[in-house]
Amino acid sequence: QGGALVHLYTDGTVLVSHGGTEMGQGLHTKVSQVAACAFGIPLSAVFVNDTASDKIANSIPTAASMSTDLYGMATLDACSQILTRLRPIRDKLGESATLAEVA
């Protein structure tokens, strides 16, 4: 199982911590793209923390494209949970509100 911790800040930027290890396969980039797409923000507003066991414990080994599937979907799930919790605020502010205004 993959794990991801997503922080949404009041300036509309996002910090993602996941259990995968970046070793040249573009995992951080792919995870950033998932978060940017989920929140509808530019890729430049998404940052990825280095893997650390105090953020994501008991991570599985990084191997092949399995990491992209696991950590990408874990990131998407975390983003979806945040968006669900923000839905009442977005409804109040309107669909044209930016992520920074909603956060």
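The values are calculated or read from the model by the stated rules, or taken from the named source; none is laboratory data. The structure presented is a predicted model; accordingly, all values stated were derived computationally and were not measured. All Cβ positions, even for glycine, are placed from backbone atoms using ideal geometry, and neighbour counts span all protein chains on display. Ligands, DNA and RNA are stripped out before the accessible areas are found, and what is left, the full protein with its side chains, is counted by its heavy atoms. Shrake-Rupley method; radii C 1.70, N 1.55, O 1.52, S 1.80 Å.
Key figures
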| item | result |
| --- | --- |
| Nearest-ten-degree value, helix 66-93 long axis tilted from longest Cα axis of the chain | 10 |
| Probe 1.4 Å, protein heavy atoms only - accessible area per residue of the chain in square angstrom | 57 |
| Cβ-defined net charge surrounding G24, 15 Å radius [Lys, Arg +1; Asp, Glu -1] | -1 |
| The stretch 1-96 - Debye-derived log10 I(q)/I(0), Cα point model, q = 0.12 Å⁻¹ | -0.37 |
| Percent carbon-and-sulfur accessible area, the chain, ignoring ligands, DNA and RNA, probe 1.4 Å | 56 |
| Charge dipole magnitude, Cβ of K and R +1, D and E -1 - the chain, Cα centre, debye nearest 20 | 180 |
| Extension gain (nm, one decimal) between D50 and L83, 0.36 nm per residue minus Cα-Cα | 9.5 nm |
| DSSP beta bridge pairing in the chain, given as percent antiparallel to the nearest 5 | 60 |
